[in-house]
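All remarks here apply to the structure that follows.
The values are calculated or read from the model by the stated rules, or taken from the named source; none is laboratory data. Remember, it's a predicted structure, so these values are computed and weren't measured experimentally. Backbone-built Cβ (ideal geometry, glycine too); neighbour counts: all protein chains shown. Calculation scope for accessible area: heavy atoms of the full protein, side chains included, ligands and nucleic acids excluded. Shrake-Rupley method; radii C 1.70, N 1.55, O 1.52, S 1.80 Å.
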Amino acid sequence: MSLDSKSLKYESKYIFTPTLEELSKAITPGLNENFAEVTLSIIDCPDLSKAPYHLASSGLTGDTIVMEYGSPDYLLPLVDKSKIYDLIPLIRNISGYENKEFFIAGAGAGPHPLINQNCEGIMNLKVDKNGKIINETHISRVTDDGSMDVQKVPSNETRSALLGNVFISEGKVGKVLKVSCKKRIGSENFISAMRLSMAKHFKDTTVGVGGVFLIKTGKVKQHVMNDFSKSPINTEDELNNWLKFYDMSAPLIAVGTFVTDETDFDLRLQHFHSFSMHGEAGHYHYDVTPDIVEYEGYFNVGARIVRIDRPESSLKFGRD
Ligand code: ZN
């Protein structure tokens, strides 16, 4: 059971793609304001399918796309359970992606029909030339006693629900921007430090970035959505009461996207979910151990933005 991808509203446009050198220049001031030690370099991507990254593909290169599907409007104030997206036909419907190998990684709502419960999705899957699926997607849910339960999905489970922000590429190894930071001294999180700086640098030009980062040391505040609320959620406070927050421990592997601005596609500005090999996973907010935190990330720029199933008008909360 999922929506027919061909019947969904599809919007797509090419955007400005800076060189990785220029992206590096753009995000450096924001990182320096927020972290005591910052190192940036443009390198050949290490094999991200290996530990400690555990991605479904080795790299982040080739026909890159920053994609958003669905909307917080389909979750709030009350859920629309029909909003189920099968990522494979969704991507096969994008021009240029009809047949080729692809890798998708990012933050979305997990496929609630799989476990009959709302959950976070840490989307991380590859479809190779022969159509074989390599699926490293994890889901995270809140159990009846309020603890967190994390599972890897079956390899044929390629659905997400409600909303998501993912980076799509051919998954090839190529040049990426490596960002390493230690000790947080400012108030922005790792992603907002880069995003705000990038927005300032590129001014009225839209730039989109996707990739992966590792929280190497310390703890981060992350949420997991509770099961669907039976009463409407109308305010930010009600939303924060419904979300379940946890301090989760490194190492955590986060995947997602960030953009300079909403554009006429009403994009979510940043969205990362992380998973681990030790049973913790959720939606990244910020680290709670600034003195000892250490981040290491690999990023690439998106050449296109694709927006799928955008509602006519949209809520302005529920996007942190
Ligand atoms: Zn999220």
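Things worth noting here:
- Neighbour-limited loop hits for GluC sites (Glu not before Pro), region 223-320 (at most 12 other Cβ within 10 Å; DSSP other than H, G, I, E, B): Glu312
- Note on region 34-95: along the principal axes its Cα atoms extend 43, 34, 23 Å, ordered by decreasing extent.
- Every Cα-Cα pair in region 114-267 was counted, and those over 28 Å apart are 32% of them.
- Residues of type aspartates and glutamates that Lys216 reaches as a straight line, Cα spacing below 17 Å, ignoring anything fewer than 8 places off in the same chain: Glu37, Asp247, Glu280, Asp287, Asp291, Glu294, Glu296
- Links that overshoot a 24 Å alpha carbon limit, given the list Lys25/Lys178; Lys182/Lys221; Lys81/Lys244; Lys50/Lys126; Lys132/Lys244: Lys132/Lys244
- Within the chain, the proportion of Cα pairs with more than 26 Å between them is 41 percent.
- Charging the Cβ of each Asp and Glu at -1 and of each Lys and Arg at +1, and nothing else, the dipole of region 12-308 about its Cα centre rounds to 600 debye.
- Relative contact order of the chain, pairs being alpha-carbon contacts under 8 Å that are 6 or more residues apart, as %: 29 percent
- Calculated FRET efficiency for the pair Thr19/Asn116, C-beta based, R₀ 56 Å, to 0.05: 0.75
- When region 12-308 is described by a simple charge dipole with +1 on each Lys and Arg Cβ and -1 on each Asp and Glu Cβ, the residue from Ser49, Met277, Leu75 located farthest towards its positive end is Ser49.
- In region 12-308, a dipole from Cβ-located charges (positive for Lys and Arg, negative for Asp and Glu) runs towards its positive end, and of Gly211, Ala107, Tyr286 it is Gly211 whose Cα lies farthest in that direction.
- The figure for Thr19 is an accessible area of roughly 80 square angstrom, using a 1.4 Å probe on the protein chains alone.
- Other residues within the sphere of radius under 11 Å centred on the Cβ of Ile292, judged by their own Cβ, net out at +2 (K and R +1, D and E -1).
- Residues in region 1-27 reached by a label modelled at Asn156 [backbone nitrogen below 17 Å; 7 Å Cα→Cβ]: 1-2
- When Val150, Val224 are compared by accessible area at a 1.4 angstrom probe, the order from most to least is Val150, Val224.
- The trypsin sites (Lys or Arg not before Pro) of region 108-165 meeting both criteria, a DSSP state outside H, G, I, E and B (loop) and at most 16 other C-beta atoms within 10 angstrom of the site's C-beta, are Lys129, Lys132.
- Most positive-pole-ward Cα, Leu243, Gly174, Phe190, against dipole of region 168-320 from beta carbon charges: Gly174
- Region 201-254 versus region 9-76: alpha-carbon centroid distance in Å: 16 Å
- Working from label points 7 Å from Cα in the Cα-to-Cβ sense, the Asn241 to Lys81 distance is 2.4 nm.
- The tail of the calculated P(r) for region 1-160, taken as Cα-Cα distances beyond 20 Å, holds 61 percent of the pairs.
- Two-site FRET efficiency, Thr263 against Asn32, from Cβ-Cβ distance with R₀ of 30 Å, rounded to 0.05: 0.65
- In sequence order, calculated HN-Hα J values of region 227-237 (Karplus, 6.51, -1.76, 1.60; Hz; x Gly/Pro): 4, 3, 6, 7, 9, x, 9, 10, 9, 4, 5
- Volume of the convex hull of region 217-283 (Cα atoms only), normalised per residue: 123 Å³.
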